[in-house]
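Notes for the one structure printed next.
Since every read-out is calculated from the coordinates, none of them should be taken as a lab result. This structure is a prediction, so every number in the text was calculated from the model and none was measured. Counting neighbours? That spans all protein chains shown, and the Cβs are built from the backbone with ideal geometry, glycine included.
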Amino acid sequence: MRIRVIACEVLFREISQAAALSPHQIDVEFLEKGLHDYGGAAMRKELQFRIDSTDPVKYDAVAMGYALCGNGLHGLRASRLPLVAPRAHDCIALLMGDRERYEEYFNAHPGTFFRSTGWLERGKTLAPLAKVKIGVDVGLQALIDKYGEDNGTYLFAELNQYQASYRHLVYIETGLEADSRFEIEAKAEADKCGWDYSKLSGDLRLIRMLLNGEWDPKDFLVVQPGQRIVARYDADVIHAERGEEAP
């Protein structure tokens, strides 16, 4: 089987390893991390373009190296090939290997901000619009210079207010780290924000299964041509239904 994988660059190391070990022929296209920050509709449009451009003669399926991710998968259509997507809300669940494990941890530790090697390594390549939208790498003085003192100060506060919602930073260690520099960076970020810090062992089971073609219905949704992905507010996360246009 030959599988085309369309994935977020946050998972570059994890998916690259899984591709190297897969029994199938895997072709991976990584898209920039900042794609999330343009919003669900723009993200869906870009992903749909990649899906539709996949050669149905060359490939047997398209696999998404994405979770639901702010509804970016909601409405995606399988055009000429089966489309496979993990049943997970975001990539943290993929890095933890089980959406139920993630949900249990999240519920038991409210106010937790997660980091991984990919989030730290790839964060500096965000698109300019995404940087402005979420305030990454945009300092107070830069905003004041661009928008004036009152507007710039207000915008800086709004863009960075997320920090007030968190009390704890968790670094997910997957075993693919070349050295300790990303863990050190995560710890420094926690210290800077005044958050508690801890490290959690990841599990790449879901990523390996995705690229191995082991699409257990409990963990993956297989969307047949003519169907689309629709978000659900239950344990399944996503399901497939007939339809040509994103709802």
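Some values worked out for this structure:
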read-out	value
Local net charge near Tyr171, Cβ-Cβ under 11 Å (Lys/Arg +1, Asp/Glu -1)	-2
Alpha-carbon gyration tensor eigenvalues x 5, square-rooted, for the range 11-131, Å	24, 18, 15
Cα principal axis extents for the range 189-247, largest first, Å	49, 29, 18
Modelled FRET efficiency - R0 45 Å, Phe106 with Lys58, Cβ distances, 0.05 increments	0.70
Per-pair calculated FRET efficiency, R0 = 30 Å: Glu29 and Ile184 via Cβ, rounded to 0.05	0.45
Normalised per residue, the volume of the convex hull around the Cα set of the range 49-89 (Å³)	64
Of Lys45/Lys199; Lys33/Lys58; Lys192/Lys218, those spanning more than 29 Å from alpha-carbon to alpha-carbon	Lys45/Lys199; Lys192/Lys218
Ala88 long-range amide H proximity, modeled H, under 5 Å	Leu68
Separation in nanometres of the label points that stand 7 Å from Cα toward Cβ, at Asp191 and Arg232	4.6
